[in-house]
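Structure first, then comments.
Just so it is clear, none of the values below were taken in a lab; they were calculated from the coordinates. This one's a predicted model, so the numbers in the text were calculated from it and none came from an experiment. Cβ: placed from backbone, ideal geometry, glycine included. Neighbour counts: every protein chain shown.
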Amino acid sequence: MTNTAIAAPADTGHITAKLSLLDRYLPVWILAAMALGLGLGRLVPGLDGALDSVKVAGVSLPIALGLLVMMYPVLAKVRYNETRRVVGDRKLMVTSLVINWVLAPAFMFALAWLFLPDLPEYRTGLIIVGLARCIAMVLIWNDLACGDREAAAVLVAINSVFQVFAFGVLGWFYLQLLPTWLGLPTTSAEFSVWAITLSVLVFLGIPLVAGFLTRTLGERAKGREWYEAAFLPRIGPWALYGLLFTIVVLFALQGDTIIAKPLDVARIALPLLVYFAVVFGASMLIGRALGMGYERTTTLSFTAAGNNFELAIAVAIATFGVTSGQALAGVVGPLIEVPVLVGLVYVALWSRKYFAPTPLPTGKA
């Protein structure tokens with residue numbers, strides 16, 4: 001297929017009809033995984049402590065295992081030889097950086113103070129969630145919504161680099177400097193650069209290298225046609241298996257806390273709902289207004305709306321303690337984010353008819 005090929009807008013019902021049983025009923029499986037994790041955490045004595053004790057350098061091995069299994073198939077699908085076209089798309093790069101590192105954290109700061117002015121621990125936890133830009137599950141949502149895989153891989157990599165260098169600085173700005181300027185109470189927090197770097201290396205570096213090597217060696221050995229038609233369908237379902245496993249483990253670890261404080265969870269959940277809906281919707285409108293096309297606009301929107309809850313929870317626990325309100329706010333993040341972003345996958349697919357057909361690069365038809 002030449003570069004002049006046109007991608008016709010697809011009907012949402014047609015797309016979802018082609019999904020596997022696992023994909024089509026993903027919201028059901030996710031809710032079931034949440035319920036299973038909460039049930040296991042409540043019914044199996046000592047399970048949460050046992051899972052939490054299996055760590056290396058502060059990284060939970062069960063959660064790391066689930067995330068690695070989840071991300072590897074998605075990153076193995078990326079055509080890495082096409083990422084250069086994404087890096088050359090200055091409009092996409094600049095827009096993503098501005099939304100991810102300027103607008104989204106500022107919006108979460110405003111929501112935290114608007115909804116939780118009397119609860120400083122939860123407010124701080126929400127601000128930390130807003131600073132942790134997504135580098136993991138966004139690849140799943142983007143793939144399900146038929147976004148641009150290569151663009152997602154590049155934007156996630158850029159977020160990872162910025163995370164290492166900018167997280168601590170932005171934490172100081174939003175927790176100490178900006179509140180001082182506005183005459184608000186400040187929060188003292190020390191962020192470990194090593195903890196942030198380790199999170200990026202484990203949750204992105206390992207599956208990224210594995211995915212790159214798998215595609216490179218697989219295509220070299222048997223060609224792209226075999227790799228994409230025979231190999232990828234075999235490993236594809238493991239991404240969702242890893243997602244469901246991660247959700248079960250996460251909610252088994254935090255089930256007691258969530259169930260013990262339902263009203264607190266509800267108060268934390270409300271600004272998160274507003275955040276995900278507004279950031280995603282605004283990013284879709286911005287991408288459409290800039291003429292990015294459906295695939296890249298969808299990728300822009302999911303990378304902007306998603307958050308790295310693994311990092312947010314790890315930083316909150318390391319800085320304020322496992323039983324802190326900041327840690328609870330981090331835990332509520334995926335409780336709300338996972339089902340909401342699954343719903344936004346369907347919203348994105350529905351919105352596809354409102355985007356003009358866009359040229360596809362070679363080999364994408």
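For this structure, a couple of remarks:
- For GluC sites (Glu not before Pro), the sites in region 144-241 that DSSP calls loop and that have at most 14 other Cβ atoms within 10 Å are Glu190.
- Annotated for region 6-359: lysine pairs at least 8 residues apart or interchain, Cα distance under 24 Å, count 4.
- Residues within the reach of a label modelled at Gln176 (point 7 angstrom out along Cα to beta-carbon, backbone nitrogen below 17 Å), restricted to region 319-355, are 319-320.
- Label-reachable residues, region 30-44, where backbone N falls under 13 Å from a point 7 Å from Ser53's Cα toward its Cβ: none
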